[in-house]
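Taking it in order: structure first as structure tokens, then the write-up.
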Amino acid sequence: MSPDPRQSESPHNGLFVNGLCKSYGPVQVLADASFEVRPGEVVALLGENGAGKSTVSNIIAGATKSDAGSIIWRGKPYSPANPAAAIEAGVGMIHQELKLLPDLSVAENVYVGRLPMRGGRIDRAIMNAKASAQLKRLGLDVSPERKVRTLRIAAQQQVEIAKALTLNAELLIFDEPTAALGGEETELLFQQIRKLKAEGMSFIYISHRLDEIAQIADRVVVMRDGRIVARHERADIPVRTVVEQMVGRSVERMFPTLSPPGTDTLLEVENLSSPERSFNDVSFSVKSGEILGIAGLIGAGRTELVRAIAGADPISSGSVRVGGQPVHLSGPAAAIKAGVVLVPEDRKAQGVVLDQTIGENLAFGNFDHVAPKGWVFPKAVQKFAEAGISRLGVKGRPNQAVSKLSGGNQQKVIIAKWVSRPPKVFILDEPTRGIDVGARAAIYDVIADLARSGMAVVVVSSDLEEVLGLSHRVLVLSRGRQRGILDRSEASNVAVMELATS
Amino acid sequence: MTVSNDASDLKATTGAQGATGAKLSALFAGTMGPLIGLLLLCLALTLTTDTFLTVRNILNVLDQITVLGIMAIGMTLVILIGGIDLSVGSVLALASMVMGFVAHPDYLNLGLPAGIAAALVVAGLCGLVSGLLVTLTKLPPFIATLAMMSVARGLANMITDGSQIVGFSDWFTNLSIIRHFGFLSVTVGLMIVLAIIFAIFLNYRATGRSLYAIGGSAEVARLSGIPVKSLTNWVYAICGVLAGLAGIVLAARLDSVQPSSGLGYELDTIAAVVIGGASLSGGVGSIGGTAVGVLIIGVLRNGLNLLGVSPFIQQVVIGVVIALAVATDTWRRRAQ
């Protein structure tokens, strides 16, 4: 076997990915991908959805086979036939959707498939002791006998990491590890990654949160359309540069210019509190034509607050007035009637019925328009849907299933569902979550248009750039409490984060 | 990337959709497979027996499916919203016993109209209780209606301490015997009218369309302002009333009521709805499909009888048909 030329250039014992290619039928999802991961470093893999990050990580983790190319791992050719073989070779992957058995204990999850046995029975004492030791190594104080279901997402993720550690993983691939974590939990994860790094472990880190990259990564690899388009030797590169490399063009005007708000106050929220105390004593108002951003860390109560205003969750005290009229928030139907509509956080579970058509989805919630006397005729639905589709620029037809649309177009369908009423208050919770960077601009334009047409718009987002770029004012929540409302001129990254972490 | 994906999706679906096919498929949405199966079944029986394709036999089949057909309409609504009702067989028995008890000269002797009214009210209440167990106490529909199945059966037995009530007025039994215009008994007519009413309701009424939203995703429906809980209660109540009505039809056919009637009917009913293309996870199904499912079961039983196949083998065959129908449906969906 002739030694790999690159290996002799940089003689380290890490991972070399050389010219990986992968096609599904005529679609090439990975073309000539090459990069390396040195021992004890974190390489961030960035790119839009469909850029090929998952494909390349799946090949390294043994879940997919490449068509061409080779991998050298720890000085030897490496082509795992399946995830088990990858784990055997010391390569583990922590998926975005955790693969744990919720009704088994922490220790059982760590040792599933290789439970320590003695005399034909599981040796629980040994299993629990060993699992406990790994959890301690991660700085996690959780009983190994606790059921995984009872743990928070962050702790469940730690269990996955502990599992990988007991498998003697030397390379860990993280796919969007912080998507479901709050600020403190993210910080804990980073601390652990740094600690394991110091022990010589390597990491491939996939994330959409570009602001994290500078904190945790040593080097950055940017992918687009199945190709590697940039390799950065340092991680503190400007976000703008990375985004431009990801989308392949300059993103000069990511955010639309905002028109000045009107004078009528459309939404007034006074001393609103939730029964579970997920938000407390929140008061604000939004004018016609104004966009109010709501910022805060995950768990700050943002989603709970807007759901309550839209009648989706109960409140314990406080009041909401729409156009000066008090609204009795008995449920979503009452809120919609009063002119408050919500584009919910989880598009697929709360926003659209995926298996049904665009037309049906638009009709749900608008039967008072589509069926004035309760009669729904396909032609009326079709006409209504066509109007919504053309107004929002949805790329689809009325009788097309919503599941066939891209995330951005699904989001437009949900917005189209409400826009014709027309509502007075339009609330959007995480409007661009899971939507390609390139498609986000279109959603931003839509949101700006909603405001321009005279609605009061409320936007909740975990993406700080988005909140800052899109809002006239920014309300910051922290642990359920309102920490302040910043004007566009004074709202900066730093100012918002200071309030959000207070 | 996104743009090109959308464009190709658009093209693919535009090509696949024919204009004329769309109208026909709207009526029998997703039921083409079962419909073809039914036609093949009829063809096979026409070729293998002399008696299948006779007016007399077809009318027989229709008479035989009335009870199943009426119950299956209610079950279609329940399954559409992602629920299930295991209690319909027991509710059928309870309703018919209530009718007998109220109407029969040996008991309260208040007359058949009062008996029928009481039966429908009791059946509706049973359904409503199931619905409330689902919406208020958040029991899974399987458990709520399993409980109702046991309770209703027990109540049915308690009324007469387990004995049957025999003999009703002639006009009542004639409802299922006399064929008006030479072919249509009142009970068959009732089934057909109900099927048409509920088909129109599901296809063209806002409330009917809302049931598809609830079955597709109850949370999406709720956030769209659809009153999910009250509609769910209504659907279970209506399913109960229709089960009660089926019990009255059965009483007319048998000229008697007994607390053990309707045993296992819930499974036949669910089978008919599922064979008709409805999805047990909700959001997919139609009255047209259910009608085809009911006919498949009815024709299959009738045909196997004509062929002299033992009832035990019939059960095996029906089991195989259920598995085949749902399996082909699943394959078809996956192929799309």
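Read the figures in this text as sums done on the coordinates, not as results from a lab. All of these numbers come straight from a predicted model, not from anything done at the bench. Please note: Cβ atoms are built from the backbone with ideal geometry, for glycine as well, and neighbour counts cover all protein chains shown.
State which stretch of chain B is the longest one without any exposed chymotrypsin sites (Phe, Trp or Tyr not before Pro), exposure meaning a DSSP loop state and at most 16 other Cβ atoms within 10 Å.
After excluding every exposed loop site, the longest remaining stretch is B:184-336.
Taking K and R as +1 and D and E as -1, what net charge do the other residues with C-beta under 12 Å from the C-beta of A:Val142 add up to?
After counting each charged neighbour, the total is +2.
Whole angstrom only: what separates the Cα centroid of region B:147-221 from the Cα centroid of region A:276-340?
44
Computed over the Cα atoms of region A:5-247, what is the ratio Rg over Rh, Rh following Kirkwood?
Value, to two decimals: 0.98.
Taking the Cα centre of chain B as the origin and placing charges on Cβ (Lys, Arg +1; Asp, Glu -1), which of B:Gly37, B:Ile287, B:Ala213 is farthest toward the positive end of the dipole?
B:Ala213
Would you mind checking the tilt of helix B:55-80 against the longest principal axis of the Cα atoms of chain B, expressed as 0 to 90 degrees and rounded to 10?
For B:55-80 against chain B, the angle is about 70 degrees.
Over region A:350-420, what is the mean sequence separation of C-alpha contacts under 8 Å (at least six apart), divided by residue count, expressed as relative contact order in percent?
Rounded, it is 44 percent for region A:350-420.
Just add up the charged neighbours of A:Gly289: K/R +1, D/E -1, any other residue whose Cβ is under 13 Å from the Cβ of A:Gly289.
+1
Place +1 on the Cβ of every Lys and Arg and -1 on the Cβ of every Asp and Glu in the protein assembly as shown, take the dipole about the Cα centre, and give the residue among B:Cys126, A:Val148, A:Ile291 whose Cα lies farthest towards its positive end.
Of B:Cys126, A:Val148, A:Ile291, it is B:Cys126.
Sort B:Met149, A:Met497, B:Met191 so the one with the fewest other Cβ atoms within 10 Å of its own Cβ comes first.
A:Met497, B:Met149, B:Met191
Rounded to whole Å, give me the distance from the Cα center of region A:102-169 to that of region A:464-484.
Measuring centre to centre over Cα atoms gives 39 Å.
Any idea what the dipole of the protein assembly as shown comes to, in debye rounded to 20, about its Cα centre with Lys/Arg Cβ at +1 and Asp/Glu Cβ at -1?
560
Which order results if A:His369, B:His180, A:His12 are arranged by neighbouring Cβ count within 10 Å, fewest first?
Listing A:His369, B:His180, A:His12 from fewest to most nearby Cβ atoms yields B:His180, A:His369, A:His12.
Quote the charge dipole size of chain B about the Cα centre in Debye, to the nearest 20; the model charges only the Cβ of Lys and Arg (+1) and of Asp and Glu (-1).
So the dipole magnitude of chain B works out to roughly 700 debye.
Let me know the whole percent of all Cα-Cα pairs from the protein assembly as shown that are separated by more than 46 Å.
Taking all Cα-Cα pairs of the protein assembly as shown, the fraction more than 46 Å apart is 39 percent.
Among B:Leu304, B:Ser96, B:Gly276, whose Cα sits farthest toward the positive end of the charge dipole of chain B (+1 at Cβ of Lys/Arg, -1 at Cβ of Asp/Glu, about the Cα centre)?
Positive-end residue among those listed: B:Gly276.
Return the lysines within reach of A:Lys163: Cα separation strictly under 16 angstrom, same-chain partners fewer than 8 residues apart disregarded; answer none if there are no such residues.
Correct list for A:Lys163: A:Lys99, A:Lys130, A:Lys136, A:Lys147.
To the nearest 20 debye, what charge dipole does region A:350-420 have about its Cα centre, counting +1 at the Cβ of each Lys and Arg and -1 at the Cβ of each Asp and Glu?
Once rounded to the nearest 20, the dipole reads 200 debye.
What does the net charge come to around A:Glu430 if you take all other residues with beta carbon closer than 10 Å to its beta carbon, with K and R at +1 and D and E at -1?
-2
Nearest 500 deg cm²/dmol is fine: what mean residue ellipticity at 222 nm does the protein assembly as shown get from its DSSP H runs of n ≥ 4 alone, each adding -39,500 (n - 2.57), divided by its residue count?
Only helices count here, giving -16000 deg cm²/dmol.
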